[in-house]
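A.B. asks: Sharing a structure, written as structure tokens. Questions coming.
The values are calculated or read from the model by the stated rules, or taken from the named source; none is laboratory data. Note that the coordinates shown come from a computational prediction; the quantities given were computed from them, not determined experimentally. Virtual Cβ from ideal backbone geometry, glycine too; neighbours counted across all protein chains shown.
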Amino acid sequence: MSILKIKNLSKEYQDGTKALKNVSLEINKGEIFALLGPNGAGKTTLINIVCGLVNPSGGEALIGGFDIIKQYRQARSLVSLVPQEIQLDPFITVEQTLEFARGFFGKSKKPELTKEILSGLSLLDKKDNRVNQLSGGMKRRVLIAKALMNEPAVLFLDEPTAGVDVELRRDMWKFIAKIKKQGTTIILTTHYLEEAESMADRIGIIDKGELKMIENKDVLMKKMGKKQLLISLKNTLDNLPSELKKDYICLSDDKQSLIVNYGNDFEFDVADLMQTLKNNNIVISDIVIKQSSLEDIFIDLINE
Amino acid sequence: MNLIGFFTIYKKEMIRTFRVPLQTIFSPVITTALYFIVFGSAIGSRISISGGVSYAQFIVPGLIMMSLLSSSLSASSSGIYFPKFTGTIYELLSAPLSYLEITLGYTLAATSRAMIISVIIYIVSLFFTPVPIAHPLVAILFVFLTAFTFALFGFIIGLLSDTFEKLNIFPTFVITPLSFLGGVFYSVDMLPGIWHKISYINPIVYMINGLRWSFFESSTVSPLVSIGIISFFLLLCLLFLWRIFKTGYKIKT
């Protein structure tokens with residue numbers, strides 16, 4: 001069941017930049033959807049339109065069946081945003097920041113929720129600190145805490161771990177997995193492909209305002225994933241023996257290893273290959289299997 | 001209507017006011033007290049005003065208005081500019097809040113702040129001279145209408161400004177001169193010929209004279225005309241704001 005439906009959404013800024021070109025997308029309830037793309041691909045514009053920060057030039061978006069413009073109150077009450085930049089009022093306390101965030105959504109104070117969120121993000125002992133007394137990492141936690149205060153059905157995370165150290169990044173991943181378990185749908189944009197790879201259920205790849213692909217992460221990895229068998233040779237090999245002259249086999253530049261390219265659509269007989277090597281007196285020193293990561297897939301798609 | 005949302009904006013703004021009381025409350029009070037000492041007591045004793053009103057009493061409504069204008073304008077302009085500057089405006093735009101609720105949250109907080117300052121200034125003036133108010137309810141009406149109009153005006157300035165410099169252009173180059181020329185320290189009737197006529201283009205003349213009438217039952221402009229002119233400016237600000245929100249100019253690109 002989809003919680004967010006985007007139909008032919010487009011955005012042209014006043015300077016003529018076409019940030020989005022007829023993007024259509026459906027997000028399922030309870031999933032983590034990662035939107036990947038290089039800088040300026042249109043990720044933030046897409047999120048900002050859905051959250052009400054930017055007016056679209058065309059198309060429509062429905063959150064929980066509510067139109068983001070005509071039924072903005074119902075639509076926005078289901079959504080929360082963690083922006084890319086640290087945007088916080090520096091002069092109020094952490095607790096006030098959270099309470100105000102809930103108030104803007106028309107919800108009365110709920111101290112037990114504030115406490116739960118603060119402790120979930122290790123901020124409880126900082127609740128009376130002013131925001132400008134916090135470290136960068138703490139401020140990022142406050143941004144997430146604030147976004148959870150309206151108990152959203154859909155949480156948008158725009159580059160949530162940009163500029164965050166490894167430890168905090170892993171903490172955040174754990175936290176995001178936890179709120180997903182509680183039933184929140186999560187849409188995140190990220191530069192860190194590792195982030196998408198480890199957390200997302202589905203992945204969308206956007207470039208120059210166009211959605212290039214939407215796919216289940218495992219299917220995407222399977223469909224696009226390439227494997228390489230790297231066979232290191234004991235002695236250099238000047239030329240490939242005729243039995244090994246095949247499309248999927250090549251000799252490395254330093255002539256010290258054989259590279260066998262294969263993937264999900266194409267398999268080969270390893271035993272056969274080993275026998276051929278043996279017949280040609282080629283001695284193996286090492287064998288490594290390399291599988292392409294999401295990063296490789298992403299780069300391949302963008303370069304297409 | 002998202003009443004809790006509106007009240008949250010109002011509360012946040014009032015907390016901001018009381019977080020820096022020296023700057024927001026006491027600074028205008030000290031400035032006004034100095035005006036009393038210099039103009040009311042020192043120079044004022046040599047100036048005579050008709051109708052049995054002393055000069056020190058005469059300037060009280062003008063000083064209240066002058067402070068009211070600048071504090072309501074600066075409270076709402078900085079109130080909305082600050083979230084734009086820090087980027088926290090996203091939390092208002094992404095919340096289920098209407099433009100009306102956002103506008104009222106900021107402008108009514110600015111109006112409240114300006115009215116609190118007005119009351120304090122009135123109390124301070126009582127230390128210098130007795131100032132009875134002939135029509136307190138009319139006085140409250142003038143103070144509220146003026147503060148609210150200038151809060152709306154300040155809100156527009158805050159929305160349209162993209163630098164701190166632009167934020168200060170209107171208060172410095174328009175509001176302060178118009179307040180001084182609006183009859184705070186004199187009656188526009190005292191001005192000769194053409195200057196007397198030109199003064200009536202200045203909307204602040206009507207605001208000051210309206211409040212002055214509520215204090216002393218006499219002023220150079222009828223109170224009804226004053227209410228009409230203030231209401232006209234209030235409507236003008238509302239229309240302009242409606243236009244800004246409709247087009248999303250400088251808020252939603």
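A.B. asks: What is the residue count in segment A:90-106 for residues that are at the interface with chain B (Cβ under 8 Å from one of its Cβ atoms) and over 18 Å from A:Ser80 (Cα atoms)?
C.D. replies: 3
A.B. asks: Here is a follow-up. Somewhere in segment A:123-141, is a residue touching a residue at least 60 places away in the same chain (Cβ under 8 Å) and within 30 Å of A:Leu193 (Cα to Cα)? Before you say what the answer is, go through the steps one by one.
C.D. replies: Initially, segment A:123-141 is screened for residues touching a residue at least 60 places away in the same chain (Cβ under 8 Å), giving none.
Within segment A:123-141 (the criterion being touching a residue at least 60 places away in the same chain (Cβ under 8 Å) and within 30 Å of A:Leu193 (Cα to Cα)), the answer is no, since none of the residues qualifies.
A.B. asks: So, in segment A:107-121, of the ones that are exposed (fewer than 15 other Cβ atoms within 10 Å of the Cβ) and more than 26 Å from A:Gln74 (Cα to Cα), which residue ends up farthest from the other protein chains (Cβ to nearest Cβ)?
C.D. replies: A:Ser119
A.B. asks: Could you list, in sequence order, all residues of segment A:202-257 that are out of contact with any Lys or Arg (no Cβ under 7 Å at 6 or more places or on another chain), more than 30 Å from A:Ile284 (Cα to Cα) and of a type in the set (Val, Ile, Thr)?
C.D. replies: A:Val219
A.B. asks: Return the total of residues in segment A:44-84 being among the small types (Gly, Ala, Ser), farther than 17 Å from A:Leu25 by Cβ and buried (at least 24 other Cβ atoms within 10 Å of the Cβ).
C.D. replies: Of the residues in segment A:44-84, 1 are among the small types (Gly, Ala, Ser), farther than 17 Å from A:Leu25 by Cβ and buried (at least 24 other Cβ atoms within 10 Å of the Cβ).
A.B. asks: Show the residue pairs meeting these rules: Cβ distance below 8 Å; 6+ apart or different chains; first residue within segment A:2-18 and within 14 Å of chain B (Cβ to nearest Cβ); second residue among the hydroxyl-bearing types (Ser, Thr, Tyr) and assigned to a loop (DSSP other than H, G, I, E, B).
C.D. replies: Taking only residues 6 or more apart or on different chains, the pairs are A:Lys11/A:Ser57; A:Glu12/A:Ser57; A:Tyr13/B:Thr253; A:Gln14/B:Thr253.
A.B. asks: When segment B:1-17 is examined, which residues are found to be at the interface with chain A (Cβ under 8 Å from one of its Cβ atoms) and in a helix (DSSP H, G or I)?
C.D. replies: If the condition is that a residue be at the interface with chain A (Cβ under 8 Å from one of its Cβ atoms) and in a helix (DSSP H, G or I), then B:Leu3, B:Ile4, B:Gly5, B:Phe7, B:Thr8, B:Ile9, B:Lys11, B:Lys12, B:Ile15, B:Arg16 are the ones that fit.
A.B. asks: Looking only at segment B:91-101, decide whether some residue is surrounded by fewer than 19 Cβ atoms within 10 Å (Cβ to Cβ), within 14 Å of chain A (Cβ to nearest Cβ) and free of Cβ contacts under 8 Å to residues at least 40 places away in the same chain.
C.D. replies: So far as segment B:91-101 goes, yes, one or more of its residues are surrounded by fewer than 19 Cβ atoms within 10 Å (Cβ to Cβ), within 14 Å of chain A (Cβ to nearest Cβ) and free of Cβ contacts under 8 Å to residues at least 40 places away in the same chain.
A.B. asks: If A:Leu220 satisfies every condition in (1) aliphatic (A, V, I, L, M); (2) in contact with a helix residue (DSSP H, G or I) (Cβ under 7 Å, 6 or more places away or on another chain); (3) part of a strand (DSSP E or B) but one, which is the exception?
C.D. replies: (3)
A.B. asks: When you scan segment A:108-123, how many residues do you find that are closer than 22 Å to A:Lys180 by Cα and either in a helix (DSSP H, G or I) or touching a Ser or Thr at 6+ places or on another chain (Cβ under 9 Å) (or both)?
C.D. replies: Number satisfying all stated conditions: 9.
A.B. asks: Could you please find all residues in segment A:139-167 being surrounded by fewer than 18 Cβ atoms within 10 Å (Cβ to Cβ) and more than 14 Å from every other protein chain (Cβ to nearest Cβ)?
C.D. replies: Residues satisfying the conditions are A:Ala162, A:Gly163, A:Asp165, A:Val166, A:Glu167.
A.B. asks: Would you be able to say whether some residue in segment B:209-217 is of a type outside the set (Gly, Ala, Ser), out of contact with any Pro (no Cβ under 7 Å at 6 or more places or on another chain), part of a helix (DSSP H, G or I) and modelled with pLDDT of 85 or more?
C.D. replies: The initial filter retains those residues of segment B:209-217 that are of a type outside the set (Gly, Ala, Ser), namely B:209, B:211-213, B:215-217.
Narrowing the set further to residues that are out of contact with any Pro (no Cβ under 7 Å at 6 or more places or on another chain) leaves B:209, B:216-217.
Checking the rest, the ones that are also part of a helix (DSSP H, G or I) come to B:209, B:216.
Then drop every residue that is not modelled with pLDDT of 85 or more, which leaves B:209, B:216.
Yes, that holds for at least one residue.
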